[in-house]
Structures are given as C-alpha cells and as structure tokens.
Amino acid sequence: MASPDPLGGVVSVDFENVLRSARRRLLKMHYESQVCHLGGNLSCLDALVTLQHRTLTKDDVFILSKGHSAGALYVALWSAGKLSEDDLKTFHQDGTRLAGHPASGWHPDIRFSTGSLGHGPGLAAGTALSRKLSGRSGRIFCLTSDGEWQEGSCWEALTFAAHRGLDNLCLLVDQNGLQGFGSTEEVASTADLEPRFRAFHAGVRTVDGHDPDALLAALDGSWEAPRIVVLRTVKGRFLPGLEGRMESHYLPLKADGYEAAVKACGEGL
Amino acid sequence: MRDAFRDGMTALARGGVPFVFLTGDLGFGALEPLRDALGPRFINAGISEQNLVSVAAGLAADGTDAWAYSIAPFLYARALEQVRNDVCFHGLPVRLVGNGGGFSYGSMGPTHHALEDYGILTALKGMRAYVPAFNEDLAAVLAALTARRGPAYLRLGRGEAPKGVPMPDYAPWRRLVSGDGPTLAVVGPLAGTLWSASLNLPQNRRPRLWVCAELPLADTLPEAFLEDVESSGTLALVEEHVAQGGAGPALAAELLQRGRAPRIFRHFAVRGYPSGRVGSQAFHRRENGLDAPSVLAALGCLP
C-alpha cells in the first residue's frame, strides 16, 4: 500500500517495518527502565516516527508539548538516526540526558524543555512568528495531548497564531481520549475539540493517528493559520488488555505483558 | 520612568537594533512612538501574559531578540512558569519589562503592586534584575539589556531624583551622598527620595547613601561600599520589596561570607498592608516605614 508523500517519496511496506521496529524499541526501553507513561507514548509514536522519516526538513522545527511522551520522541529520533542505541540505553538512568520529560540543551532536535503542559503552542507560535518576521523558511510542528487543551495557555496561543496569520504553524493533537484521572469527556467535557478549534479560525483535519498515509495527507497543501491535525489514537496501543485504558498511563510493563505487546506489534525489521 | 524607557527603546529601534517588542495590551498614550518605529516588530499580544512570555521565548530561541512588556505582577506572577521553563531553563535573551515596581500603582490596588518581583525572578536560573533608580539611568540600562545574552528583568518605577544635583553616571552601585553617619543602601527609585532628604542633614548625621540597581548584588559590590560599611559600623538596606527574597538578606549573607559584616544591620522592607487600606505610593511607603523621615529617624540621622 503506497500513497503520495509531501517530500516526494512513498509510504511503503518498508515504512511499516520502520514503525514496527520503533514500537518494539519503545516497549523495550520502557520495560527495561520500568518507567510509566507508556500508554501516551504508544498513542503518538506512529505520528512522531512518520514526521521524523517523512516530513521534517532541516529548516523545520518540532516541539513536543506533551513532554510525558519523551520516550516516543527519543525512539523516533533513534529511528531516524539522530540518537544512538547507547543513548536509548540510558533512558531514565542516573546521569542520562534522556529524562522522562525532554530536557533541552544537548540535541538540536530537542529545542525546548517541556513537561508542564500548555507551553508548546506558545513556544511554537513564537518560533513561527520569528520565521515570518525574518523571512526565513521552515515549518513549525507542535504535538500536544488532548487533555492539554484544558490549559488556558493553549487557547491563548491559538488565538495569537490565528490572529497573526501563522500559516507556517501546525499543531498536532494526540487525541487518545484519556488523561491523568479519567477520560477527557468525563473530566472536562473536552472530547469535541474540532469545533472549538474551528471557532478559533484554525484549519482542522482529523485523521487516524496510527495511519501514516492519512497523517501525510493531512499535512499536505497550503496550511491555514494555523493548521491543526487531530490524531485519533489509542492509548496503550499494542498493549494487550490495556489498550484504551487508564492503566496504560501508569503501570510499568511486567514480563508477560511485555512479551505479549512485542508479539502484538508484529514481525518486521 | 516609562517615558524614558519608551524614548530609549525608540532610539534603539531607530538606530537599527534588531528586536521584537511584545506588549500585553499596555502602552496606550505612551508606547505609540515605539510602535511606529518598529512597525511589524511591535506586537500587541493581547491580554494573555502566559502566551506573551512563551512567544517571546520562541522568538529568542529562533534567534530573534525579544522584549516582553506588561504591568510587573502580570509578568512575574501570572506567567511565572513560562518565565521559569520557557525562558530561564533555556537561558534565552528575553527581556521582561515590568512597569509599576513596588507600590508605583498606588491606589490602583494590591493586584497591581510588585512587591516580590525581583526576589522571585532572581531565584530563577540566569536571571538578572535591573532596578534603575533614575530616569537618566535608562539609556545605560537599555544598552546593558541589549548586550545581555541571557534572561533579564527590568523593573520600572518612578524617577525621584532631586532637582539641581549632579547625577552620577549609571553603575550597579553608586554613592549618592557622603556623610559621617550610617551606611545606607537603597534599591531603585526610593533612593531619590532619601537622597533629597539627606542633602541638608548635618555632616555627622548624614548617611553614606548608596543606590543599588542590579540584582543579584554579590558580584558587583564595590570596595568603596565595603569600606563605608566598615568605617560606619552600621549598615541599613531599604527596598520597596518584601524581606523574603529581597536584597537585604542577600547583602547580609554576602557580607557575612566575606567576613566584612557591620556591627549593626538594619533592613527596611515591605511588610504589606497593615491598615488594610489602599492609597498612593507615598501612603504605602509611610505605612511600611519606608518613607524618608521614618528611615532616617530610625537610623538616628534626624537632628
């Protein structure tokens, strides 16, 4: 199955293998480190790997606003050859640079320290504004969670971006429907983000967040100011018995769960 | 002081210094010349201080120098996490400009007073606070801020310099009055009022009056100040800021560590709103014992 790619390539069977490999590496990293937040890492990993391999150019900037998905970012960078196997082995260990939430200052693709939600959209808007004012090229991508849009600062940034005509800014929303202590609907009636985004004059695309073809298509063409891509995802994807469940946010993997998840990811490179 | 700030910034813009100026919907009737000089680089970011600071950080991280302007507490209190995480964690050259230092906003009420600003901000990584005392300081302070490659906070107050008195050139520490009385260090504009009140005191009661305009203060303490402290034996620090996190405890600790502590140390700082009532900046200074007669009387400087 192949489809057009904004960079002129094709999404192929080979790329499915890249995704499988990344999923397995993320599982291994979290299993060995016994670190939580795996569910939200698995929900956005496919999108991050797709961005790293198929979308981002040297002029583009990616900002991970949902910093608790640092593991997915590290694995996506590893998958793209920007972090080493040895780097990943230090995840969450004493002396590591690979913190549970990204810490900046050592890697060009980790521009900002994030982890407190609601910061990425404003940072991204400022970066996009900088490119506009200076006439420099490059697109600014920022991945948020869905619960993160309960932070007022996100709406401040969206208002600013729309008013300033930042058509070089794309906000991606990992809509897995679950947050820290319940679903986004139960906690704050925020399952319906798209009409809210449209009311703020953003251009909105909603896609299956685990379908690279769909993501690439949603990023295609001239962007509105800004474009928002809502990624419909499954929290804890490939975790048998934990998919779409709160427990995937917190529980570290046990041996049998890890083996089952690796198997669920399928074979590949 | 806001007008002096505006004039200085406008001169920088017209001189070709590249920067973006963001305001949180403030500056009507004041900042228009700067707006006109900067054109699209003057951004009214609206009433959204968290975003204001994050955008400034995003600009700076991408190589565009940024200034972020608002009423002081809206920056250091409302947007503190953005200052901490987005600006200071990354050591970015974002200049936060807080108008209304101390009780400057007077009867506008406590929400507009900035009584903990430089204490909070200088606790953050790499942050340096500038508290110019006089309108004449602004040109030098703005030059320093422009040259600085890390986070900075500028606290704007009200120029209170006495008229007809030669103004010493800007420096982080300056001696304003030489007397034989106690050594008196003052942070920011309040120094002007104490300067006026000290001029006609007899020599034996006149304080050795110093003004401090940059924090943290430890790395700029001049030897002449330390000598004044030693020879007078009494040091008082006055600041329109709460004691916790203020310049007073920092100065005392620094002198102790250097083994040059005075025999007597007095700290005059903001206690709050003891009467529960609100008034002018002068009213609040009096209520907190920060007005010149109260300070000078407490130090035995008045005849």
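Derivation of every value follows stated rules applied to the coordinates shown; laboratory data play no part. Quick caveat, the model's predicted, so the values are computed rather than measured. For neighbour counting, all protein chains shown are included, and Cβ atoms are generated from backbone atoms with ideal geometry for every residue, glycine included.
What the table below lists for this structure:
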| quantity | calculated |
| --- | --- |
| R0 of 51 Å, Cβ-Cβ distance B:Glu227-B:Ala77: FRET efficiency to nearest 0.05 | 0.85 |
| Spin-label pair B:Gln244/A:Thr57, simplified geometry with 7 Å Cα→Cβ offset, distance in nm | 5.3 nm |
| Whole-Å distance, taken between Cα centres, linking segment B:1-25 and segment A:34-104 | 40 Å |
| Residues whose placed amide H lies under 5 Å from that of B:Ala66, excluding near-sequence neighbours | B:Val20, B:Arg95 |
| Qualifying chymotrypsin sites (Phe, Trp or Tyr not before Pro) in segment A:81-121, DSSP loop, other Cβ atoms within 10 Å at most 13 | A:Trp106 |
| 13 Å beta-carbon shell around B:Phe268, net charge (K/R +1, D/E -1) | 0 |
| Gained length - A:Glu16 relative to A:Lys89, 0.36 nm times residue gap less alpha-carbon distance | 23.9 nm |
| Amide H partners (placed H, <5 Å) of B:Val270, local residues excluded | B:His241, B:Val242, B:Ala243 |
| Cut-off 13 Å between beta-carbons: net charge of the residues surrounding A:Ser113, Lys and Arg +1, Asp and Glu -1 | +2 |
| Counting DSSP beta bridges with both ends in chain B, the antiparallel % (nearest 5) | 15 percent |
| Residue mean of other protein chain beta carbons inside 10 Å, A:155-167 | 3 |
| Partner chain coverage, peptide A:130-142 - average Cβ within 10 angstrom | 3 |
| Label-point separation, B:Ala282 to B:Asn200 (7 Å along Cα→Cβ), nm | 1.5 nm |
| Three-way shape call for segment B:2-156 based on the alpha-carbon gyration tensor, with the a/c threshold at 1.5 | rounded |
| DSSP-assigned coil residues among trypsin sites (Lys or Arg not before Pro) in segment A:111-187, each with at most 14 further Cβ atoms within 10 Å | A:Arg136 |
| Total lysine pairs whose alpha carbons fall under 20 Å of each other in the protein assembly as shown (8 or more apart, or interchain) | 12 |
| Efficiency of FRET from Cβ geometry, B:Ser275 and A:Tyr250, R₀ 60 Å, rounded to 0.05 | 0.75 |
| Calculated FRET efficiency for the pair B:Ala11/B:Phe265, C-beta based, R₀ 56 Å, to 0.05 | 0.85 |
